[in-house]
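The values are calculated or read from the model by the stated rules, or taken from the named source; none is laboratory data. The structure displayed is predicted, hence computed values, not measured ones. Cβ placement follows ideal geometry from the backbone for every residue including glycine, while neighbour counts extend to all protein chains displayed. When the accessible area is computed, the model is the full protein with side chains, heavy atoms only, and any ligands, DNA or RNA have been set aside. Shrake-Rupley method; radii C 1.70, N 1.55, O 1.52, S 1.80 Å.
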Amino acid sequence: MEPVHYSVLYREIVSFFQSVFEKDKEILFLDGTAGEGGHSLLLLQAFPQSKLILLDRDSVMLSRAQARLSEFKERIIPIEANFSEVDPEFLQENGISGPPDGILLDLGISTFHLLHAGRGFSFRENEPLDMRLSSAGGISAEDVVNTYPEKALSKIFYEYGEERWTKKIVEAILERRRHSHIGYSGDLAQLVSRVIPRKFWPPGKHPATRVFQALRIEVNQELLHIEVGVPKLLEVLAPGGLMQVISFHSLEDRIVKNLFRDFARTREAKLLTKKPVIPGDEETKENPASRSAKLRVIHKTLPTDIDMEEEEE
């Protein structure tokens, strides 16, 4: 059965772009995390004269997004790449003459990856511990769990997962490694479940959620790509353009918040979200996974046009 994909905060995202761009204007959008193509579909529908750069680091997801957007194939430019690679030279090499007017990043993991990718993102199935989002290779979650030393594993689980049971979990992994290999998501999930006493399991979540999040971040260097990519995208964004970023945990949101604030301090942009926009009750009932989503928006313009609002502390 195909997973149901929800485009998080879709009403708010379209509304922010509509507040800046006229419906019939020729706009160039960049969806830097295409995923299932849901947000791209909404933008192409809302702005009928627009074109869109469809970007994803995962070739499988890019193909799925293209299939979903097949009726708009003349208006999309699909590129397999990470958003942190985008700069003026990248655009030129891919035949894109002008800077994007609107940029969107959705930093969440897709439903497809969790349920159908077969790469060990979830503990619902016993899948190989891979967790790589890119087809370009690199280190896998299996490599991390079975080869990283104690100090490195502890750093990952504590910093990226904010896991309070890090010490006990790492001890259990090291003990397991002494006599057998940890190669599947189900094996790791069971190990973590045994370490954390049931009374301390997070309500409504699997006890291994934080460990799996930490491994995914490490394998795909997700925070590094945000730190590198967001400033590059802000620079490449056209004057008068709008950039929106959806994050799903505090580590991502903190980086985006600080990068947006620092860019706005140069008087090159105006923060349109003093505090992040979060989903309303209607959306969280329809899509419970959206509860942790946070949207931040920045409007790039000329210094003379800026009337800076009081900055968020």
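Is it true that some residue in segment 199-219 is open to solvent by 80 Å² or more (accessible area, probe 1.4 Å) and either modelled with pLDDT of 95 or more or under 20 Å from residue 138 (Cα atoms) (or both)? No, there is no match, as no residue in segment 199-219 is open to solvent by 80 Å² or more (accessible area, probe 1.4 Å) and either modelled with pLDDT of 95 or more or under 20 Å from residue 138 (Cα atoms) (or both). Pairs are defined by a Cβ separation below 7 Å, a sequence spacing of at least 6 or placement on different chains, a first member in segment 120-141 that is within 18 Å of residue 59 (Cβ to Cβ) and modelled with pLDDT of 90 or more, and a second member that is assigned to a loop (DSSP other than H, G, I, E, B) and among the acidic types (Asp, Glu); the pairs so defined are 140/130.
Considering segment 248-273, and only residues there that are farther than 22 Å from residue 101 by Cβ and outside any helix (DSSP H, G or I), the residue that is most open to solvent (accessible area, probe 1.4 Å) turns out to be 248. For the residues 222, 162, the requirement of being under 24 Å from the mean Cα position of the chain (by Cα), loosely packed, with under 15 Cβ neighbours inside 10 Å and touching a residue at least 40 places away in the same chain (Cβ under 8 Å) singles out 162.
Residues that are in contact with a Lys or Arg (Cβ under 7 Å, 6 or more places away or on another chain) and among the aliphatic types (A, V, I, L, M) within segment 247-270 comprise 256, 264, 269, listed in sequence order.
For segment 165-198, the set of residues classified as closer than 23 Å to residue 250 by Cα and either open to solvent by 40 Å² or more (accessible area, probe 1.4 Å) or over 29 Å from the mean Cα position of the chain (by Cα) (or both) consists of 165, 167, listed by residue number. Mind checking which pairs have a first residue in segment 293-309 that is at negative phi and of a type in the set (D, E, K, R) and a second that is at pLDDT 90 or above and part of a strand (DSSP E or B), Cβ under 6 Å, 6 or more apart or different chains? These pairs meet every condition: 294/247; 296/245; 300/269. Inspection of segment 75-87 identifies no residue that is of a type in the set (Lys, Arg), under 26 Å from residue 228 (Cβ atoms) and surrounded by 15 or more Cβ atoms within 10 Å (Cβ to Cβ). Of everything in segment 49-66 that is assigned to a helix (DSSP H, G or I) and in contact (Cβ under 8 Å) with a residue 24 or more places away in the chain, the residue that is nearest to residue 233 (Cα to Cα) is 62. Checked against the criterion of being of a type in the set (D, E, K, R) and touching a Leu at 6+ places or on another chain (Cβ under 7 Å), segment 164-184 contains one or more residues that satisfy it.
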